[in-house]
4 protein chains.
Amino acid sequence: MTAPLSPSGSAPAPGPSDTAVLTVTCPDRGGIVAAVSQFLFNHGANIIHSDQHSSGLAGGTFFMRMEFSLAGLDLALEPLRRAFQSVVAEPFGMEWRLSDAARPGRMALMVSRYDHCLLDLLWRVRRGDLNAEVPLVLSNHEDLRGDAETFGVPFHVIPVTRENKPEAEAEQVRRLREAGADFVVLARYMQILSGDFLREVGCPVINIHHSFLPAFVGANPYRAAFERGVKLIGATSHYVTEDLDAGPIIAQDVIPVTHRETPESLVRLGRDVERQVLARAVKAHADHRVLVEGNKTVVF
Amino acid sequence: MTAPLSPSGSAPAPGPSDTAVLTVTCPDRGGIVAAVSQFLFNHGANIIHSDQHSSGLAGGTFFMRMEFSLAGLDLALEPLRRAFQSVVAEPFGMEWRLSDAARPGRMALMVSRYDHCLLDLLWRVRRGDLNAEVPLVLSNHEDLRGDAETFGVPFHVIPVTRENKPEAEAEQVRRLREAGADFVVLARYMQILSGDFLREVGCPVINIHHSFLPAFVGANPYRAAFERGVKLIGATSHYVTEDLDAGPIIAQDVIPVTHRETPESLVRLGRDVERQVLARAVKAHADHRVLVEGNKTVVF
Amino acid sequence: MTAPLSPSGSAPAPGPSDTAVLTVTCPDRGGIVAAVSQFLFNHGANIIHSDQHSSGLAGGTFFMRMEFSLAGLDLALEPLRRAFQSVVAEPFGMEWRLSDAARPGRMALMVSRYDHCLLDLLWRVRRGDLNAEVPLVLSNHEDLRGDAETFGVPFHVIPVTRENKPEAEAEQVRRLREAGADFVVLARYMQILSGDFLREVGCPVINIHHSFLPAFVGANPYRAAFERGVKLIGATSHYVTEDLDAGPIIAQDVIPVTHRETPESLVRLGRDVERQVLARAVKAHADHRVLVEGNKTVVF
Amino acid sequence: MTAPLSPSGSAPAPGPSDTAVLTVTCPDRGGIVAAVSQFLFNHGANIIHSDQHSSGLAGGTFFMRMEFSLAGLDLALEPLRRAFQSVVAEPFGMEWRLSDAARPGRMALMVSRYDHCLLDLLWRVRRGDLNAEVPLVLSNHEDLRGDAETFGVPFHVIPVTRENKPEAEAEQVRRLREAGADFVVLARYMQILSGDFLREVGCPVINIHHSFLPAFVGANPYRAAFERGVKLIGATSHYVTEDLDAGPIIAQDVIPVTHRETPESLVRLGRDVERQVLARAVKAHADHRVLVEGNKTVVF
């Protein structure tokens, strides 16, 4: 079996390898920061970064991300997790996650025929810019096999037609699970995923849509942008939900355009903003900076 | 009668006072640039800036803007216009306009209760940054009288209710015509103008909408942006047509926002992008840089 | 005596009036967050926002800003300050400040002849966008008296010449102290302030420089930008130190420019970026978001 | 011999293959546009785009770029050039160039060890986004051989040391000439080129510098940016002259940064802006949009 793509030997490390990230979501009330920071201090963890957010006043939701050093820790991560659950998480009713920053997330990619988002992510992984490794690229077409294999990443084609879609999706899910994917990135994958797929795959799925949502939902956003005569085109990266192009937005950006552009040149210009926005969203996710609340995100 | 607001004595001139601007729209075919530039050269006009655009290949529309010096002209502007019509415009089937850059456009403003766009435009006129003078501010509320009058601009209130809207609009049109408005700017005027108003007023009407259209058409775009969880908010300046927020777009811009913002703070942040985008659109219009084709603009 | 300019009656409040902001700088070591958050929790303060930063690993400096609700506090602010000093600040060797967010800072303005930064700040204060009040505008010229007085702000002229500079600065310091200034903003004040002034005035002084520092230090940056043929022009807001244009930077921004611009049009375009950057820096300072470390800032 | 990298079979064409571009620089006087457009019209050339610029009033320099269709032309390009020289160029004292847009420029790349600019340019050529082909990549290190060869581009290593620099440069020049380079791009080539090299190579050389020039000239700009505490980092692409980092600027851009960044993370963030700015400059050059006047550029 091929090893997943990961930073090449000479690449700089993407971050301190001796840190962990704790993310917390819970009902807002007094004393949360004190309880968490006291717990970490008691176990010898020095907090390096800390961010928090409250979605409102009384009755709102509290979000927190703390990155701390493992250097002086008195426990291994697993017993620390058990202690945190009983001492802090249960009393405050927390949903939480404690991630070892030294263990890169396993990012599976799904693509169709456009190469720009795929190549951009593979370059960033190889360079050590993304705290992720790529165990698998799935596609419904052969076109990008050469690009994936140049990076030493396994490339599997599962053709998708109107008729075979349920079976094809089941096979996709099987491959993604087998690859141990922590999250899936649709790097311009041009098929709509069903609710069944999303439930079965059991991990977050990140998409890049080639417009500044909610403008130009659906197919052909650059043509729609051309016809409306907008002076900006954009891209939006979001978590995929069953509602088309309506999931929680992680990152967006735009670039200025003029009357000189055609639908074709908008496609060309848009590639740059698509790959930048997708890379920004994927990096935030891989660094455990994104928390979801309903249909919105908190990006620390 | 009060003189309209115009650049104060010490303000720098907004441009060479001895230039004129020719704008042309016509069916695209060979020889247009040659014919126009030869005509201008024959009459002693030196071209300073020239822009052109073709909306497509055969069968498309041709757009041009030429700014030229009046210094060596062998005719006054009015006979030059007559000559241009017979020698160039008729053979090519042109819609065209020849504007004396030294004559600022008369820009009437319509406002409701928000001061930021009004103040920004009045300040730019006073500074000499906008080639325009302001003969009148119309409002449906008293709130901004002091601001307008500080700049020495007449301020008239015409209350608008559901019941009196046709009469109120007729009075607005009467005032705007009396003021000799060349164009009207809705600087956060919070009433929808009827098709009758737009036909009667007989000059372009520029609006600022507080979203990146076509996202968030209609009322309360900042609340809608908050609820959708977008990571950018924007503003769009466009010519007003009978279709709400659907007229030709002149300028757009956005600013990044995060999960920390509330609907109220989005309103505050949005003020900066609203006034910048409106000022940019108004300046382009006042400098005769905007040509309209169907529902789109060419901005030279 | 005239009351300082402050938000007009109908203006929205700039922030929750029942919060306080604690800012802390100290040598980095374990337990700081735990100690501070435990202290606040013990006194009934609910933390609303929290930011922290460490300037390095061992031996670095720790920076923190916490905004908390006063609603359930068991002490008034003054006894809370005394308790914090003995319980937390002394053991950790902290420099710290606890500010009542409901008390706007007293921002004195110094100007010369350009109106754009002055007007922009006065508009923002009147609208309630800046948590500040303006007790005084000082100038070395009469030009902007009308603008200041329109907003009801006292305007004093102290002429400055090469000969009288020490006396003029002494008089400026006297006026600023008398006005109770918490900080001074140089809104395009065109004189260099001496080290004596900076020491005597005893509060932070914020400047706006019309270039992206460190490019184009000193006089005439737009002409220098024109001559170098840059494709961006910018503005930088920084704390003033004895080294010209070399103090800690708070905010910077740029706008694109082309070969079409002249030194004069760069000045005009630059006004927009100058006032935006200055407003952003002043707002960050007024909201107690800026901490200084040597010649750099932490802006939370 | 290996064919140079050029758009792959399925790539979209970068522009109409039946157009040509005329660029003109000459002393400004009346009648230039008329003469050129009349000449083109007389020979059946339909003007598609036209841009012009005057660097000043009387005594200034005039710059023009016209793109026209070859479809109805009555002459081949070579006789058209001869006719233009005698009929138009000589009377007006023009420096000019008439380029067949269907013939991509031959772009030689020089690199050292950083892959991001190299990969980005090779990918854009392959996609057909850049009207260029790549006959050669020269390096002073072996590191990027695999990347170049993946794209099918010849890769030659010429080690450069303090001792062998004149000989190494002579060999570089020989290789570049042999490859028929129309222009050279330094895609993070980490050696300073001598005046002898620049004179001998006989074609434009484009560099990417990793700062917003003129700030942070020379080595280690990201460290200098970190130490100055700037809130923006940038990149500048310019033509190389004998004065280090002082040649005519083609494109610049910046991205915002905060106190959280380290010199290392600035390097990582900067890679995105470096490759975008370099690609923009190279595209403008390859499309014959850049005219040089002294130490500045006109970019149409």
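Here are some notes:
- Entry note: the range C:214-300 has Rg to Rh equal to 1.01, where both radii use alpha-carbon atoms and Rh is the Kirkwood radius.
- Residue-averaged beta-carbon neighbours from other chains (10 angstrom radius) around A:236-247: 1
- Interchain or long-range residues, amide H under 5 Å from D:ARG106's placed H: D:GLU133, D:ASP182, D:PHE183
- Expressed as a whole percent, the accessible surface of chain A that belongs to carbon and sulfur atoms is 53, based on a 1.4 Å probe.
- Helix axis angle, C:116-127 relative to chain C longest principal axis, alpha carbon, degrees: 40 degrees
- Chain D: angle of helix D:32-42 to the longest principal axis, Cα-based, in degrees nearest 10: 70 degrees
- Assuming charge only on the beta carbon of Lys and Arg (+1) and of Asp and Glu (-1), the dipole of the protein assembly as shown about its Cα centre is about 0 debye to the nearest 20.
- For a label point 7 Å along the Cα-to-beta-carbon line of D:ALA102, residues of the range D:111-137 with backbone N under 19 Å: D:128-133
- Around the Cα centre of the range D:19-100, unit charges on the Cβ atoms of Lys, Arg, Asp and Glu (plus for the first two, minus for the last two) sum to a dipole of about 100 debye.
- Burial of 50 Å² or greater, the range A:197-215 residues [accessible area, probe 1.4 Å, versus chain by itself]: A:PHE212, A:PRO214
- Cβ-Cβ FRET estimate between B:ARG162 and A:ASN295, R0 fixed at 35 Å, reported to 0.05: 0.50
- Summary for C:ARG97: label point 7 Å along Cα→Cβ; distances to the equivalent points in the other copies, ascending, 3.9, 5.3, 5.6 nm.
- Relative to the longest principal axis of the Cα atoms of chain D, the long axis of helix D:165-178 lies at roughly 40 degrees.
- Taking the centroid of alpha carbons for each part, the range A:107-132 and the range D:45-72 are 42 Å apart.
- Between amide H atoms placed 1.01 Å from N, distances below 5 Å from B:THR61 occur with B:ASP28, B:SER55, B:GLY56, all of them 5 or more places distant or on a separate chain.
- The orientation-averaged shadow of the Cα convex hull for chain A, equal to a quarter of the hull surface, comes to 17.5 nm².
- For chain C, with +1 on Lys and Arg beta carbons and -1 on Asp and Glu, the positive-most of C:GLY218, C:LEU119, C:ILE255 along the dipole: C:ILE255
- 20 Å-binned pair-distance histogram of the protein assembly as shown (Cα, whole percent): 10, 37, 39, 13, 1
- Near B:GLN172: Cβ cut-off under 12 Å, other residues only, Lys/Arg at +1 and Asp/Glu at -1. The net charge is -2.
- For the pair A:GLN85 and B:ASN220, label points projected 7 Å from Cα toward Cβ lie 4.3 nm apart.
- For the range C:99-179: accessible area per residue (Å², 1.4 Å): 38 Å²
- Couplings 3J(HN,Hα) of the range A:135-150, computed from phi: x, 6, 10, 9, 9, 9, 9, 7, 3, 9, 4, x, 5, 5, 6, 4 Hz, in residue order, whole Hz [Karplus 6.51 cos²θ - 1.76 cosθ + 1.60, θ = phi - 60°; x for Gly and Pro].
- Spin-label model, A:THR258/D:THR258: points 7 Å from Cα along the beta carbon direction are separated by 3.5 nm.
- For the range B:212-290 versus the range A:158-206, the inter-centroid distance based on Cα atoms is 37 Å.
- Candidate cross-link partners of C:LYS283 among the lysines, defined by an alpha-carbon separation under 26 Å and a same-chain spacing of 8 or more, comprise B:LYS231, C:LYS296, D:LYS231.
- When only Cα pairs below 8 angstrom with a gap of at least 6 residues are kept, chain C shows a relative contact order of 17 percent.
- A probe of 1.4 angstrom, applied to the heavy atoms of all protein chains, finds B:CYS26 with accessible area near 0 square angstrom.
- Accessible surface ranking for A:PHE68, C:PHE151, 1.4 angstrom probe, highest first: C:PHE151, A:PHE68.
- Taking chain B as a Gaussian network of alpha-carbon nodes connected by springs under 10 Å, the highest mean-square fluctuation of the residues B:THR241, B:THR23, B:THR262 belongs to B:THR262.
- 5 angstrom amide H check on A:ILE48, placed H, neighbours 5+ away: A:GLU67, A:PHE68, A:SER69
- Taking a quarter of the surface of the Cα convex hull of the range A:19-100 gives a mean projected area of 4.7 nm².
The values are calculated or read from the model by the stated rules, or taken from the named source; none is laboratory data. None of the values given here were measured: they were computed from a predicted structure. Glycine gets a Cβ as well: all are built from the backbone with ideal geometry, and neighbour counts include every protein chain shown. SASA here: full protein model, heavy atoms, side chains in, ligands and nucleic acids out. Shrake-Rupley method; radii C 1.70, N 1.55, O 1.52, S 1.80 Å.
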